[in-house]
Amino acid sequence: MSEPESLKPKRGFIESVRDISRNPEPERVGQRWGFGAFLLVEAIFILSAVFITAIARQFGVSLVESVAFVLVGSILPTILAAAAAVVITYVRGNGPKIDLRFTMTKEDLAIGLKLGILGLVLTYSAATIWAKVVGEENATSAVGDLLSGSNLPLAAAITMFLYVSLIGPVCEEIIYRGLLWGAVERQGWSRWAAFGLTTVIFAISHFEPLRTSLLLVIAIPIGIARLITRRLGASIVAHVMNNFLPGLTLLLVSVGAM
């Protein structure tokens with residue numbers, strides 16, 4: 001009989017890294033979804049964004065000029081996609097706690113915070129270099145471009161801040177390092193393969209070609225958190241940490257404080 005998890009000695013960071021190759025992920029029993037589920041979720045994300053844009057154009061509304069469409073067009077597609085991912089795990093699997101490894105422990109919180117801080121340092125360094133390469137005028141994100149032309153009311157600005165710094169990271173982790181990661185592991189591929197593939201697809205799926213290289217750097221510490229803990233909680237914490245300062249900056253810019 002294996003030793004109860006509560007009685008096992010706590011693993012340090014180095015030991016967690018060594019554990020990646022020594023102990024492969026257990027077989028995913030009861031999971032009847034794979035890459036098709038991820039493609040469906042991505043289709044929901046893209047089609048909902050296209051639908052919202054089409055509705056805005058139908059009414060002659062510019063996304064930049066309408067506070068409602070700024071919020072809905074930015075937030076709703078990601079939430080719908082993440083919700084679809086969770087529903088899929090209930091319908092075709094064991095639910096998000098088992099299939100997506102959607103749990104949070106003290107270890108996840110500690111590792112997520114450490115890698116989140118590392119991510120902030122890497123992001124700042126990479127963003128500084130990237131801005132010099134592409135030019136300051138091009139060194140913005142799609143959300144940043146959208147908000148730079150919008151004078152949002154305080155309530156809307158706070159809503160966008162909460163999305164960028166909290167809701168968005170949680171939803172993206174469910175989609176990429178939850179659903180996509182689980183699809184990779186279901187094929188019997190290694191955890192390193194899951195880490196590599198989810199990191200690349202995460203960067204590409206933002207549909208910002210100019211920022212793809214920067215997004216790759218941003219995604220590495222977040223993916224490492226998922227890799228060494230085997231749970232989504234750590235990568236969520238790391239992602240939230242990484243997005244907090246950019247989200248705060250967007251909040252200040254959108255209300256005209258910067």
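The values are calculated or read from the model by the stated rules, or taken from the named source; none is laboratory data. In this text the structure is predicted, and so the values were computed from the model without any measurement. Cβ coordinates were reconstructed from backbone atoms using ideal geometry, including for glycine residues, and neighbour counts include every protein chain displayed. Accessible surface is based on the protein model in full, side chains and every heavy atom, while ligands, DNA and RNA are left aside. Shrake-Rupley method; radii C 1.70, N 1.55, O 1.52, S 1.80 Å.
What to note about this one:
- Test for Leu250: is it open to solvent by less than 50 Å² (accessible area, probe 1.4 Å), of a type outside the set (Ser, Thr, Tyr), assigned to a helix (DSSP H, G or I) and modelled with pLDDT under 90: yes
- Ala193 vs. criteria among the small types (Gly, Ala, Ser), open to solvent by 30 Å² or more (accessible area, probe 1.4 Å) and assigned to a helix (DSSP H, G or I): yes
- Residues (outside any helix (DSSP H, G or I) and within 16 Å of Arg101 (Cβ to Cβ)) located in segment 196-230: Arg230
- Among the residues here, Ser205 does not qualify as open to solvent by 20 Å² or more (accessible area, probe 1.4 Å) and either out of contact with any Gly (no Cβ under 8 Å at 6 or more places or on another chain) or among the charged types (D, E, K, R) (or both).
- Test for Val240: is it open to solvent by 20 Å² or more (accessible area, probe 1.4 Å), at pLDDT below 95 and of a type in the set (Val, Ile, Thr): no
- Residue match in segment 69-87 (condition: exposed (fewer than 12 other Cβ atoms within 10 Å of the Cβ) and part of a helix (DSSP H, G or I)): no
- For segment 45-55, the criterion of being of a type in the set (S, T, N, Q), assigned to a helix (DSSP H, G or I) and crowded, with 16+ Cβ neighbours inside 10 Å is met by at least one residue.
- Members of segment 99-125 that are part of a loop (DSSP other than H, G, I, E, B) and within 17 Å of the chain's Cα centre (by Cα): Leu100, Arg101, Phe102, Thr103, Met104
- The listed residue being among the charged types (D, E, K, R) and more than 30 Å from Pro26 (Cα to Cα), out of Arg101, Arg57: Arg57
- Put simply, of Ala83, Ala43, Ala37, Ala49 the only residue that is at pLDDT 90 or above and in contact with a Pro (Cβ under 9 Å, 6 or more places away or on another chain) is Ala49.
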